[in-house]
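The values are calculated or read from the model by the stated rules, or taken from the named source; none is laboratory data. Since this is a predicted model, take the numbers as computed values, not measurements. Every residue, glycine as well, gets a Cβ built from its backbone with ideal geometry; the counts of neighbours run over all protein chains shown. With ligands, DNA and RNA removed, areas are computed over all heavy atoms of the protein, side chains included. Shrake-Rupley method; radii C 1.70, N 1.55, O 1.52, S 1.80 Å.
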Amino acid sequence: MLFKKWGSLTLSIVITAGLLAGCSSGETPAEQGQDRQANLNATGMPVVKEPIELDFFTGKSTTNGSKFEETLIWKTYSEMSNVKVNFNLVPFETLTEKRNLALAGGDYPDVFYSARVTSDELTRYGAQGVFLPLNDLIDEYAPNFKRLMEQYPDIRKGLTMPDGNIYSMPSFYDPALLSMLIGAPLWINEDWLKQLNMEEPDSTESFYEYLKAVKTTDLNGNGKNDEIPFSATGITGIIDHVKGAWGLGNRGLGHKLVDVEPGTGELRFTKTLPQYKEVLQYVNKLHQEGLLDPEIFTLDGGALNAKGQAGTLGATTVPNPETVMGQKNFIGLGALKGPDGEQLYSHVKVPMVHVGAFAITDKNENPEATIRWMDHFYSDEGALLYFMGKEGETYEKDADGNLKYTQDITANPDGLTQDQALAQYFTWLGGSYPGLVKEDYFKGSETLPSSLEAAEKAKDHAVEDIWYNFNFTQEESEFMSSVGKDIQDYVTEMEAKFVNGSASFDQWEEYVSTLNKMGLEEYMKVYQAAYDRYKTE
């Protein structure tokens, strides 16, 4: 009760301070609102009559350039909208830490953009007044996004926090575009597969046999034993791909620790199950036999792509080796069959993959213009600009009206990979951006023929009942950000140790016991409460 009183007092102080700061110019909030309305165009472009400037806290992938403002997309949209955006770039590798520091310390800008703000953070900082409620703003100034929520009601369900407010706009993939929901298939080198005279792997055992053959054969013909059977940026991708062979992950990648027990419909914590132990034992075997890249635990995206470009990889998990590595000789695998006959393609994302892709803060003096600025990218016109750029400059239409990037991008004269060429014009590479993705105008890795073929293979065994995110109450969020985070961190730590051999599988019961002592029972009660709300909303 004391906490609630202090929380209310703190919120009152924050609001009062904000009002005082807003009135420091001598204008009342009502007068400031009138000024904003006078400068705002209700529809069309530009968004505002007189130019405004906004500062964005922005997540950046290794595949993107280092100056967003200089890219074609943002130069063009700045001229169209009359809104100049300063993108303060934060690498995805340090994003969580810097986002947490900014939010906790109060040193944050007008907008969090591609910053992967979590539902817990939206709940906590929304209640404190840091993030603005968008319900009314969406209703009045975001017709494209409002229409999308009407078409897909799960969006509203996933965005609405327990207090009834929406604090963010998401990255939303067309649910019909399975290749986009898969994101990063499990790829193998088809040329090497043919050289080895092997069939395409369709089980965990045949995949293992393929990797073993890669390790012992000079497939690139350079006389060196430099072939790397499997490499990736960490072990998460390989685990998420093979766990379906043990029937795990049956509600998609949005809920990596919890799914549903087949037959009963009861929630289960997958990371303590015997099947999960078998998954880790399988990946441990790959590691012990040298079939995983020795650098897999420390490799970043740039280093991985360099290995791919050198032609040393037998298998990997990336959006597409063609675009990030310049390798057109890879094929994606379908669902692998496990030792007991299970065959589930579990590597499927939630269509609303990033809930907090766009959030407006209380420091923003132009929230109406800002949400209008963002809403454009939930329209076909805006998405076309964002992903394809300008006709004749970055894309062309064929005789059937299909869009394709220009030769400068797909066959760059300077030898750049497609992603490297794209980075000169666009900033969507690496994901996490807010907006709408459809096959019609998204021509990135996930819509190349090889990616669509991989999705077709996965289709019959892909997760069908995909859970969107669960939104926790403030009290539940506090639990999840403390005890829940400790549980998740411990699982991740032990996952790596079991795979690399620094923890023996003889310690499995001790691992399970530790999770129980950490509060696993309460964790599942909180999850159940959120799930019950999710089902009834």
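One table, with the values for the structure above:
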item	result
Nonlocal Lys pairs with alpha-carbon distance under 17 Å, the range 127-233 (8 or more apart, or different chains)	5
Portion, in percent, of the accessible area of the range 184-348 that falls on carbon or sulfur, probe 1.4 Å	45 percent
Filtered GluC sites (Glu not before Pro), the range 165-274: DSSP coil and at most 15 other beta carbons within 10 Å	Glu199, Glu266
Solvent-accessible heavy-atom area per residue, rounded to whole Å², over the range 184-348 at 1.4 Å	37 Å²
Mean Cα-pair separation over length for the range 275-362, i.e. relative contact order, pairs under 8 Å, 6 or more apart, %	13 percent
Cα gyration tensor, the range 91-244 - rounded (a/c under 1.5), prolate or oblate	prolate
Over the chain: Rg over Rh, Cα atoms, Kirkwood Rh	0.98
Relative contact order %, the range 184-348, counting alpha carbon pairs below 8 Å whose residues are six or more apart	42 percent
Cα-based equivalent ellipsoid, the range 353-504: semi-axes from gyration tensor eigenvalues, Å	35, 26, 17
Most to least accessible of Ile52, Ile371 (protein chains only, probe 1.4 Å)	Ile52, Ile371
Heavy atoms of Thr96: accessible area, 1.4 Å probe, square angstrom to 10	80 Å²
